[in-house]
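The values are calculated or read from the model by the stated rules, or taken from the named source; none is laboratory data. Small disclaimer: the values here were computed from a predicted structure and weren't measured. Cβ placement follows ideal geometry from the backbone for every residue including glycine, while neighbour counts extend to all protein chains displayed.
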Amino acid sequence: MTYTPHTAADIKAMLEAVGAKDLAELVQVPDDVKLRTPLELPAPLSESEIAEKFTALAARNEAPSYASFLGAGVYRHYVPPVIAALAMRGEFLTSYTPYQAEVSQGYLQAIYEWQTYICLLTGMDLANASVYDGATALAEGAIMVVNATGRHALLVSKAVHPNYRAVLKTYADGLEVEIEELDYLPTGSTDLANLKEKLTSRKYAAVIVQSPNFFGAIDTLPKDDLDALKICVVAEPLSLAVLATPRSWGADICVGEAQSFGVAQAYGGPHVGFIACTKHRMRGIPGRLVGRTVDTEGRTAYVLTLQAREQHIRRERATSNICTNQAHCALIATIYLAAMGATGLRDCALENLSRARETRNGVCSVPGVSARFTGATFNEFVMRVPSRAADVLAALRRRRVLAGVDLGRFYPELDDCILTTATELTTQSDIDALTDGLRTVLPTLQRKEFAGVC
Amino acid sequence: MLASPLIFEQGQAGRANHYLPHHAESADAYLPQELLREDLPLPDNTELDVVRHFMWFLYCTFGIDIGFYPLGSCTMKYNPRINDAVANLPGLRDLHPFAPDELAQGALAVMW
């Protein structure tokens, strides 16, 4: 198909209607900046050639055919086909932002249900219509607490996803917000030993942890009031099917990533972030909000609301500059949650726990391999290997096994550690391939000394 | 009346779809009780009820597939379905961002 479908007859009729002689008359670009020679682009392909070209490119991505234990913020979950059957319908794919509520009631209610699902899962009072991804959600949550408290410093756990912390740092640098990191313990959770003492300075807007954290460990803050707000990051929200809500231990804001709910991994995106908070934070929450109201005839209706926080307001007074959301991905997540229901989500979470336990038991039965951290985990854990993680991963890759993420990439002190993830899609033969693989490759690799076992 | 009942106002225990194997044990078989939530107040709806619920939303949502919409530049153009078909090829769709470069050559070639 062509992106410019107008025929010569269409163009002629339009020129006549506006009284112009030719198209050149309508274009007022000064001669000295006009494009004189065509851009050097290859000729257009026919649609069937496009299909052929990209099918060949897709086939060059071999990773999906390997036994994979990759996680670290993006998760491989079962997606029931009913989701695509509904979400790929043209009405959802090609509708615009629902500013004109009268013609958008369907999408508005869908996003209202997304907001409600996020609240039910996190225990919060309200959630917005979504943001780009978990990393952005964290950065925006940080802006919320800085604005709310006037304090320009944050305490952030080192066990928060490194990519999320990198995005947070980008925003923080621009806002002149100082970030201090909290270390992690042998349990895999955050070291809170000196927390109360640090907070007596009253300079921190918030303490930020992720649960389950980047090491897979459940990592919450104490329930008591701190002299700082509490932000909980959730990168694997399937865990909320079984874990106590962040609200239950006093989180003021819960941010995270909802890719696990039916959204494709797609080499990193598009994904979908969520931000949820207690009701006192309502005026400070960024992003779009769908509200429920009644129309002039008293009938229930949905509408974008509180738009003067960021979009229809002076720039200096805006809470945020996002002014958008990930509506289609949020819709996918909403359909997933509706189709799975409480029973499906619990079964899925339990299956994840079960497969992760099988995987962990399997790898820990290989001589030299141990769990690096001792605390409770959901579907990810860190395994320590008796060689450089990068070497072990390369050797397993040659056996078509992707054993996980080399933690040495982000934590130099953990270069003998691999973050390994199992989900409901991890099969027994995947686990066997991993354990047999480890048993075979480890004796062939150069040993790395380490202190202590788990 | 365009609004329909919320998904939370529908459903019943026992209407689960069972897309995955059922687990009779509870989460405390894996995790200490103090880490767990008490209940999960989400509705269970059959797949058919989910389809009808979102089908109603489709009827109440205007998009450029239906007609001209003079708001927003994204609505000024039609995106051909081949784009979605290609993006949904499993080799591209199911690729993890931490896949090693040598096993993601197709995606990297697209970006290049």
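When segment A:286-301 is examined, which residues are found to be free of Cβ contacts under 8 Å to residues at least 12 places away in the same chain, surrounded by 15 or more Cβ atoms within 10 Å (Cβ to Cβ) and under 29 Å from A:ALA318 (Cβ atoms)?
A:ASP295
Does segment B:51-66 contain at least one residue that is loosely packed, with under 11 Cβ neighbours inside 10 Å and either more than 17 Å from the chain's Cα centre (by Cα) or in contact (Cβ under 8 Å) with a residue 12 or more places away in the chain (or both)?
no
With the requirement that a residue be at the interface with another protein chain (Cβ under 10 Å from one of its Cβ atoms) and free of Cβ contacts under 8 Å to residues at least 40 places away in the same chain, what does segment A:376-399 give you?
A:LEU393, A:ALA394
At pLDDT 95 or above, facing another protein chain (nearest Cβ under 7 Å), more than 20 Å from the chain's Cα centre (by Cα) and under 19 Å from A:ALA342 (Cα atoms): does that describe B:TYR19?
In short, no.
Quick one: what pairs do we get from segment A:140-160, first residue part of a loop (DSSP other than H, G, I, E, B), second aromatic (Phe, Trp, Tyr), C-beta under 7 Å, 6+ apart or different chains?
A:ARG151/A:TYR204; A:LYS158/A:TYR184; A:ALA159/A:TYR184; A:ALA159/A:PHE214; A:ALA159/A:PHE215; A:VAL160/A:PHE214
Restricted to segment A:106-129, and to residues that are touching a strand residue (DSSP E or B) at 6+ places or on another chain (Cβ under 6 Å) and not hydrophobic (A, V, I, L, M, F, W, C), which residue is nearest to A:LEU289 (Cα to Cα)?
Across segment A:106-129, the extreme among qualifying residues is A:ASN128.
Is it the case, given these coordinates, that A:GLU62 is surrounded by 10 or more Cβ atoms within 10 Å (Cβ to Cβ) and more than 7 Å from chain B (Cβ to nearest Cβ)?
For A:GLU62, the condition - surrounded by 10 or more Cβ atoms within 10 Å (Cβ to Cβ) and more than 7 Å from chain B (Cβ to nearest Cβ) - is not met.
Which of (1) within 14 Å of chain B (Cβ to nearest Cβ); (2) under 30 Å from A:GLU351 (Cβ atoms); (3) of a type in the set (A, V, I, L, M); (4) assigned to a helix (DSSP H, G or I) does A:VAL79 not meet, given it meets every other one?
Result: A:VAL79 passes all but (4).
Looking at segment A:119-144 only, could you name the residues that are touching a Gly at 6+ places or on another chain (Cβ under 9 Å) and not polar (S, T, N, Q)?
Of everything in segment A:119-144, those that are touching a Gly at 6+ places or on another chain (Cβ under 9 Å) and not polar (S, T, N, Q) turn out to be A:ALA129, A:VAL131, A:TYR132, A:ASP133, A:GLY134, A:ALA135, A:ALA137, A:LEU138, A:GLU140, A:ILE143, A:MET144.
Report yes if A:LEU93 is at pLDDT below 95, within 14 Å of chain B (Cβ to nearest Cβ), closer than 30 Å to A:ILE335 by Cα and surrounded by 10 or more Cβ atoms within 10 Å (Cβ to Cβ), otherwise no.
Spelling it out, A:LEU93 is indeed at pLDDT below 95, within 14 Å of chain B (Cβ to nearest Cβ), closer than 30 Å to A:ILE335 by Cα and surrounded by 10 or more Cβ atoms within 10 Å (Cβ to Cβ).
Go over the candidates B:ILE66, B:ILE7 one by one and state the one that is touching a His at 6+ places or on another chain (Cβ under 7 Å) and among the aliphatic types (A, V, I, L, M).
The unique qualifying residue is B:ILE7.
Within segment A:401-431, count every residue that is touching a Phe, Trp or Tyr at 6+ places or on another chain (Cβ under 9 Å), on the phi < 0 side of the Ramachandran plot and small (Gly, Ala, Ser).
2
Would you check which residues across segment A:278-307 are part of a strand (DSSP E or B), out of contact with any helix residue (DSSP H, G or I) (no Cβ under 7 Å at 6 or more places or on another chain) and closer than 22 Å to A:CYS323 by Cα and list them?
A:GLY291, A:THR293, A:LEU304
Evaluate segment A:134-153: report whether one residue or more is buried (at least 22 other Cβ atoms within 10 Å of the Cβ), within 14 Å of another protein chain (Cβ to nearest Cβ) and either under 21 Å from the mean Cα position of the chain (by Cα) or among the hydroxyl-bearing types (Ser, Thr, Tyr) (or both).
yes
Collect the residues in segment A:154-192 that are modelled with pLDDT under 95 and among the small types (Gly, Ala, Ser), keeping them in residue-number order.
Matches in segment A:154-192: A:GLY174 only.
Out of A:LEU419, A:LEU350, which single residue is assigned to a helix (DSSP H, G or I), buried (at least 20 other Cβ atoms within 10 Å of the Cβ) and within 12 Å of chain B (Cβ to nearest Cβ)?
A:LEU350
Would you please list the contacts, defined by Cβ atoms under 7 Å and residues six or more apart or on different chains, that run from a residue in segment B:23-34 that is surrounded by fewer than 12 Cβ atoms within 10 Å (Cβ to Cβ) to a residue that is assigned to a loop (DSSP other than H, G, I, E, B) and modelled with pLDDT of 95 or more?
B:PRO32/A:ALA376
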